[in-house]
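Engineer: There's a structure below that I have some questions on.
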Amino acid sequence: MSEGRPDGTHVRHAFRGQAKSCDELGSPFTARLCRLVADRIDADSPVGERVLGWSGDPTSKGDSVALRLAGALHALVLSGRSAALGACYPPNRTDDDTLWQAIAQAMEREAPFILDRLTSAPQTNEVRRSGALLPGFLTVAQLFGKPLILSEIGASAGLNLHWDRYRYDLANSHWGDAASPVSIAPEWSGAAPPLRPVEVIERAGCDINPLDPADSEDRLRLLSYVWADQQDRIDRTRQALELAASQRSLVEQADAIDWLKTRLARVHPGAVHVVYHSIAWQYLPEAAREEGEALIAAAGATATSEAPFARLQMEADGQSPGAALSLQIWPKGERHLVGRADFHGRWIAWQGWPADG
């Protein structure tokens, strides 16, 4: 390493940590890429210097530098900008030296593109999370017997705002639009979900940087963060983007707390308002989370049997495996852990709402 160049030990450690997560989530190629970068990147190029000199938190709990770089490289492949790199990506197979040579070449030749992508946090809009959220929505519909009004925080391109337009295979049962091009079939364990018809009469979402499913550049950005060796996720995301593009824009560019204030100010007699989020709440600053919790509690305090309120969450809770599925309903204010789910929605362990709840 040249004098004055960053060593980036903490960054290399973050890449190795991301590699472990990728292995656990079924992406050996992305895990391999992250380990190669951790072992071989140096600060003798603009991209290498930027990555190794990262000033913030490079881990997956912070700035997710590994996924920023992996997404930038995948975008080069998906867009056809780097044939040499594409030749090393799935379904093609190659050795580590050849793959690294292609990565290093891409970082040199496409430095402005990659450096620009490194400035943005990864955006995922994992469609299979709808399979984990669905039994929560079904439970709300069963508990109240009313149509739903949806408000999603951190909605990205809005793909999980269209959960009722997909088809599902859950616990050997089917739900949803049988003709939908988007099919979700997670591994299921636990109680059977309360399958029943659900009417959605309004849906909206917010994101600090929403993506337009009808825009080719936004599609590329979203697809680039789907791991390259998980073709089923790529295909499902493409199909969900097509479906979302056929609907009017639903995701507003807004601060989550400001948007919540507006959404929660309205009363909806005859319907149940459901605020929900999946792997999004943790990314809000602590002060914003505290304010959001207070806003939601205040909305719950004013809920009535005629205009009930619910909050559905799929978020990390420090426990394992996967993420916690929790549901709180008002006017009673009851809250229960209703299940757990894989972060990408590959499996669901459903507990359900207590019978005496």
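Engineer: Per the Kirkwood definition applied to all pairs of different Cα atoms, how many angstroms is the hydrodynamic radius of segment 245-346?
Structural biologist: Hydrodynamic radius (Kirkwood, Cα only) of segment 245-346 equals 14.9 Å.
Engineer: Further question on the same structure: Once the chain is represented by equal point scatterers at the alpha-carbon sites, with solvent omitted, what log10 I(q)/I(0) does the Debye formula produce at q = 0.06, 0.11 Å⁻¹?
Structural biologist: Each listed q maps to, in turn, -0.24, -0.76.
Engineer: Between beta-carbons, use under 12 Å as the cut-off and find the net charge around ILE234, counting Lys and Arg +1, Asp and Glu -1.
Structural biologist: Values: positive: ARG219, ARG233, ARG236, ARG238; negative: GLU126, ASP229, ASP232, ASP235.
That sum, taken over residues with Cβ under 12 Å, equals 0.
Engineer: Return the FRET efficiency for the residue pair VAL267, SER79: r is the Cβ-Cβ distance, R0 is 51 Å, and the value is rounded to the nearest 0.05. Provide the component values of the computation, followed by the final result.
Structural biologist: Numbers: r = 47 Å, r/R0 = 0.91.
With a Förster radius of 51 Å, E is 0.65.
Engineer: Same structure, new question: Where in segment 317-350 is the amide nitrogen less than 17 Å from a point lying 7 Å along the Cα-to-Cβ axis of ASP169?
Structural biologist: What the label zone holds, given the 17 Å backbone N cut-off, is 345-348.
Engineer: Tell me, what HN-Hα J-couplings in whole Hz come from the Karplus equation 6.51 cos²θ - 1.76 cosθ + 1.60 at θ = phi - 60° for each residue of segment 286-302, using x for Gly and Pro?
Structural biologist: Once θ is set to phi - 60°, the couplings for segment 286-302 become 4, 5, 5, 4, 4, 5, x, 4, 5, 5, 5, 4, 5, 5, x, 5, 9 Hz.
Engineer: Please give the contour-minus-distance gain from ASP215 to ASP96: 0.36 nm per residue of separation, less the Cα-Cα distance, rounded to one decimal in nm. Could you put the intermediate results ahead of the total?
Structural biologist: Working: separation 119, 0.36 × 119 = 42.84 nm, distance 3.49 nm.
Full extension of this stretch gives 39.4 nm more.
Engineer: Of all beta bridges DSSP finds with both residues in the chain, what is the antiparallel percent, to the nearest 5?
Structural biologist: Working: 20 of 46 bridges.
Taking every DSSP beta bridge within the chain, about 45 percent pair in antiparallel fashion.
Engineer: How much length is gained if the chain between ASP258 and LEU25 is pulled fully straight, taking 0.36 nm per residue apart and subtracting their Cα-Cα distance, in nm to one decimal?
Structural biologist: Extra length available between ASP258 and LEU25 comes to 80.5 nm.
Engineer: Something else: Pairs of alpha-carbon atoms within less than 8 angstrom and 6+ residues apart define the contacts here; what relative contact order does the chain have, in percent? Mind dumping the intermediate values first?
Structural biologist: On the way: 645 pairs, mean separation 57.3, N = 357.
The value is 16 percent.
Engineer: Amide H to amide H, which residues 5 or more places from ALA185 or on other chains are under 5 Å from it, using H placed in the peptide plane?
Structural biologist: Hits under the 5 Å cutoff: ASP169.
Engineer: Using the alpha-carbon centroid of each, what span in Å lies between segment 184-257 and segment 16-83?
Structural biologist: If we compute the Cα centre of each part, the gap is 24 Å.
Engineer: Sticking with this one: Which cross-chain or sequence-distant (5 or more) residues have an amide H under 5 Å from the amide H of ALA155, H modelled 1.01 Å from N in plane?
Structural biologist: CYS206, ASP207
Engineer: At 4 °C and 1.567 mPa s, what whole-number value in µm²/s does Stokes-Einstein give for the translational diffusion of segment 9-117, with Rh from the Kirkwood sum over Cα pairs?
Structural biologist: Roughly 94 µm²/s, to the nearest whole number.
Engineer: Please give every one of the lysines within straight-line cross-link reach of LYS20, meaning a C-alpha to C-alpha distance under 20 Å, and leave out same-chain neighbours fewer than 8 residues apart.
Structural biologist: Candidates past the 8-residue exclusion: LYS61.
Engineer: Ok, one more. With the crude spin-label approximation of a point 7 Å out along Cα→Cβ, what separation in nm comes out for ALA185 versus ALA87?
Structural biologist: 3.7 nm
Engineer: Can you list the HN-Hα couplings for segment 218-233, worked out from phi with the Karplus curve (6.51, -1.76, 1.60; θ = phi - 60°), rounded to whole Hz and with x for Gly and Pro?
Structural biologist: The phi angles translate into 5, 4, 4, 4, 5, 5, 5, 8, 7, 5, 5, 9, 10, 4, 5, 5 Hz.
Engineer: Enumerate the calculated ³J(HN,Hα) couplings along segment 28-43 in order (Karplus 6.51 cos²θ - 1.76 cosθ + 1.60, θ = phi - 60°), each rounded to whole Hz, writing x wherever the residue is Gly or Pro.
Structural biologist: Running phi through 6.51 cos²θ - 1.76 cosθ + 1.60 with θ = phi - 60° gives x, 5, 5, 4, 4, 4, 5, 5, 4, 4, 4, 7, 10, 5, 10, 9 Hz.
Engineer: Moving to a separate point now. Want the number for LYS332 to GLN231: 0.36 nm per residue separation, take away the alpha-carbon distance, what's left?
Structural biologist: 32.0 nm
Taken together, the values in this text are just the output of simple stated rules run on the coordinates, not laboratory data. Because the structure is predicted, anything quoted here is derived from the model rather than measured. For neighbour counting, all protein chains shown are included, and Cβ atoms are generated from backbone atoms with ideal geometry for every residue, glycine included.
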